[in-house]
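A quick write-up on the structure given underneath.
The values are calculated or read from the model by the stated rules, or taken from the named source; none is laboratory data. Keep in mind that what you see is a predicted model, and the values were worked out from it rather than measured. A quick note on method: Cβ atoms are made from the backbone with ideal geometry, for glycine too, and the neighbour counts reach across all protein chains shown. What goes into the accessible areas is simple: the full protein's heavy atoms, side chains included, and nothing from ligands, DNA or RNA. Shrake-Rupley method; radii C 1.70, N 1.55, O 1.52, S 1.80 Å.
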Amino acid sequence: MSDLKTVLGEAVEAAFAAEGVPAELARVTPSDRPDLADFQSNGALAAAKRVGKNPREIATAVAERLKSDPRLASVEIAGPGFINLKLTDAALADRANAVAADPRTGAETLAEPRKVIVDYGGPNVAKPMHVGHLRASIIGESIKRIYRFRGDTVVGDAHFGDWGYQMGLLIGAVCDENPEIAALVDQLNATGDVADEIPDAFRAVTLADLDRLYPLAAAKGKEDLTYRDRARKLTADLQAHKPGCYVLWRQFRAVTQVALERDFHALGVDFDWWKGESDADPLIPEMVAELDAKGLLVDDQGARIVRVAREGDKRELPPLLVVSSEGSAMYGTTDLATILDRKRAFGPDLVIYCVDQRQADHFEIVFRAAYLAGYAAEGQLEHIGFGTMNGPDGKPFKTREGGVLKLNDLIEMTRGKARERLHEAGLGENLPESEFEEIASKVAVAALKFADLQNFRGTSYVFDLDRFTSFEGKTGPYLLYQAVRVKSLLRKAETEGAAAGPVTVAEPAERDLVLTLDAFETALAEAYDKKAPNALAEHAYRLSQAFSKFYAACPILVAAPPVRGSRLTLAAAVLRQLETALDLLGIAVPERM
RNA sequence: GCGCCCGUAGCUCAACCGGAUAGAGCAUCCGCCUUCUAAGCGGACGGUUGCAGGUUCGAGUCCUGCCGGGCGCGCCA
C-alpha cells in the first residue's frame, strides 16, 4: 500500500514515458497551492529543458493522458507548465481506510534493511551530564527510533567517555585530597593486586567529590605543566591497568552510573549498549601493530600518528594522533579502536555519530584513518552534527551564575514548570498524586524534546522554558493535549456504544485530514534520509492541527451513524499515527490530562 | 591566517532535486463556548530572505565577492 504521492507519481511517470519524455522527472509533490490542487508535478518544466520543447505542450499532453484516471477529479495546467492534480473524494476515502487498517498507519518499511549503530549521548564518567548532553540524547534517541521503525536493525550505544586524560586528572586530584586513598593507590600499584571488591577507602569517593574536583584539576592542568604531566602519566598508568589506578577508576564509574541512569531514564532515553572508551582498550595494542604493519603509522615529535590529508583538501587536516608521547591512547585512538570493535562484534553497514557539530574535524580524521585501515568502507561512518542550545544572549546556555546547568536540574526545573502550567489550567486536579506526577513528567519531556526536535538539528536554538512549556502554539504540551483529546473522545464513543465504520470524505476538513494522514510516509522518509527528526516533528504538528480543525468543524458523536462511524475511524487513525510519530520523537502520551 | 556553519516577519524557527502568492508559532487586533477537553478554532496585521553581482525561462535554495555572528584548527574530549 503506497501513499498517494507515490501512486500519483507512478501514474505521471507512465504518462511521461508514453509521451516520450524522461519519466524520472515526473516527480509528484504535495501542492504548493492547496486552493488549486492536492498534488502537483513540475516535471514538465525540467523535461522541457532536457528535450528542448515547450513545457506547456508537454504538460498538456501528459494531462490529457491523466484525465482518464478514475482517481483524479481534475487535472489542470497552470503557470509555465505545472500539472495540478485533484483527487476524488472516493480515492481519498480509500486511502483513509487503508491507513486506518494499517498498524503502521501508512508508513512503509525498507526493502533492504541495514545494520546500523547510533552512537549518541556521550556521557562522561565522573562528570554529571549537563545541558550539552541534552541535544545529543534527544536527537540520537529519535534517530535510533526512526531507523528502527523503518526496518533497520539498530543498536544504540551510549559510548561513555571513560578512558582519557580527565581520568588521570581525577585520580591525581582525589589522591591529593585524601592521603589514605593516595597511599592505597600506591600500595595496590606496587603489589600488583587487582581487588575484586572496591576497597572502602575508595568507596568513600562520591560523584559530588568528582564533580567538585574536576573543574579545579582541569584548570590547574592547563597552567601547571608539572601537574599536567603527572595527570598524563596517571592516564597512562590507568590504561596500563596498574591496579591502584584501575580499581579507583572503577569506583568513579560506579558512582557515575547511578546518576546517568537516572537522567537518561527521566528523559525517556535508553541504550542497547552501555559501552565506553575503555571497552575498546584491549584492541589497541593489536590495532597499533596492524597500523604499523600497514605502513600507516608514522613517528612524529615523539608521538605516533596516521596522516589522513588527501589531495584536493581545502585545508591541511591534522593527522590522527594514535599514541601520545606519553604512551597513552588519545580519544581518536579509542574512537578508531571502537570502529574495529564494532566491526567485529556487529558488522554495521552504517554508524551514525550523533555528536556536537564542533567535533566535525575530529570525526573526519578518525573516519579517514578507519577507511585507510580497512575498518570500514568509505561512507559507512557518518557524523551527524548539531548546533548548541543557547541562552537568551545567543550564547551556549549557562546558569544565572554563569556555570553549566546540570541535566538533572534542567529536568527538575522543567517538571516544576509543567506542574505549574497544569495547575494554572486546572488540569488533572482530580487525579491521584502519582498519575499527576506522571503527567507532569510527560509534559516536561514533551516540552523539552519537541522544542529541540522541531528545529533542524544543524542549527542552534534559544532555550526558553516559558515558551517550551506553553500549552499554546507549536509545543510539545499542545501535541499531548491534542492526542489526549482524541483519547477522551474515543473513550466516550465506547461508553456510548458508538461504533467505527468505513471512512467517507465530504467536508473540506475531512479532505485535509486525510491528505495529512497520507503525508506521514513522506515525512518519515525525509526524516530517515536526512537524519532530520524535525521533518517528523513538523508532521506531528500538522496532523494535530488538521485534527483540531476537523474536530471543530465536524461533530463526531452527535452525527448520524454512517458519518459518525467514518469520523470515529478517522479519529482513531489520527491517534495511532500521532502516537507513532511522537514515539519516534521519543515523546510518550499520557492517557488523560 | 586557513577552514566549516549560520544570517528569512518585532521575537523563536520552517521551507520537499532550483518552481506558482516564502510558511508556522509567539506577540498585537477582531470574531466563536446551552454542543465531543476553548490548553481549541476562524480571521486580520506583519517580508527588498544580511549586501552586491552572476548562472537560469525561474534563486531563500546554485556560483563569486563583501558585511555581520558562531565554531574548529595534533599530544583535552
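When you check residue A:543 against the structure, is it touching a strand residue (DSSP E or B) at 6+ places or on another chain (Cβ under 8 Å), more than 8 Å from RNA strand B (Cβ to nearest atom) and either acidic (Asp, Glu) or assigned to a helix (DSSP H, G or I) (or both), yes or no? Taking the combined requirement at face value, the residue does not satisfy it. Consider segment A:26-42 and keep the residues that are surrounded by fewer than 21 Cβ atoms within 10 Å (Cβ to Cβ) and not in a loop (DSSP other than H, G, I, E, B). The one that is nearest to RNA strand B (Cβ to nearest atom) is A:29. Residue A:521 falls short of the stated requirement of being surrounded by fewer than 16 Cβ atoms within 10 Å (Cβ to Cβ) and either closer than 21 Å to residue A:98 by Cβ or under 26 Å from the mean Cα position of the chain (by Cα) (or both). Of all residue pairs spaced 6 or more apart or on separate chains, those with beta-carbon atoms under 6 Å, a first member in segment A:483-495 that is under 20 Å from residue A:513 (Cα atoms) and in a helix (DSSP H, G or I) and a second member that is within 6 Å of RNA strand B (Cβ to nearest atom) and open to solvent by less than 60 Å² (accessible area, probe 1.4 Å) are A:484/A:593.
Within segment A:6-16, identify whether any single residue is open to solvent by 10 Å² or more (accessible area, probe 1.4 Å), more than 11 Å from RNA strand B (Cβ to nearest atom) and either among the aromatic types (Phe, Trp, Tyr) or over 41 Å from the mean Cα position of the chain (by Cα) (or both), and answer yes or no. Scanning segment A:6-16 turns up no residue that is open to solvent by 10 Å² or more (accessible area, probe 1.4 Å), more than 11 Å from RNA strand B (Cβ to nearest atom) and either among the aromatic types (Phe, Trp, Tyr) or over 41 Å from the mean Cα position of the chain (by Cα) (or both).
Elements of the type strands (runs of 3 or more DSSP E) sitting completely within segment A:67-132 and holding at least 2 residues that are open to solvent by less than 10 Å² (accessible area, probe 1.4 Å) and within 30 Å of residue A:266 (Cβ to Cβ): these cover A:115-119. Condition first: over 23 Å from the mean Cα position of the chain (by Cα), under 18 Å from residue A:154 (Cα atoms) and surrounded by fewer than 20 Cβ atoms within 10 Å (Cβ to Cβ). Can you find one or more residues in segment A:393-409 that meet it? No, because not a single residue in segment A:393-409 is over 23 Å from the mean Cα position of the chain (by Cα), under 18 Å from residue A:154 (Cα atoms) and surrounded by fewer than 20 Cβ atoms within 10 Å (Cβ to Cβ).
If you go through segment A:332-353 one residue at a time, do you hit one that is open to solvent by 20 Å² or more (accessible area, probe 1.4 Å) and among the polar types (S, T, N, Q)? The answer is no; no qualifying residue exists.
Taking residue A:306 as the residue in question, decide whether it is more than 24 Å from residue A:121 (Cβ to Cβ), touching a Pro at 6+ places or on another chain (Cβ under 7 Å) and modelled with pLDDT of 95 or more.
Numbers: more than 24 Å from residue A:121 (Cβ to Cβ): yes; touching a Pro at 6+ places or on another chain (Cβ under 7 Å): yes; modelled with pLDDT of 95 or more: yes.
Yes.
The rows are residues; the columns are (1) modelled with pLDDT of 95 or more; (2) more than 22 Å from residue A:265 (Cα to Cα); (3) hydroxyl-bearing (Ser, Thr, Tyr).
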| residue | (1), (2), (3) |
| --- | --- |
| A:365 | yes, yes, no |
| A:397 | no, yes, no |
| A:408 | no, no, no |
| A:412 | no, no, no |
| A:419 | no, no, no |
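Annotation: of all residues in segment A:291-308 being in contact with a helix residue (DSSP H, G or I) (Cβ under 9 Å, 6 or more places away or on another chain) and open to solvent by less than 60 Å² (accessible area, probe 1.4 Å), the one that is nearest to RNA strand B (Cβ to nearest atom) is A:306. Here residue A:315 meets each of (1) farther than 20 Å from residue A:284 by Cβ; (2) in contact (Cβ under 8 Å) with a residue 60 or more places away in the chain with one exception, condition (2).
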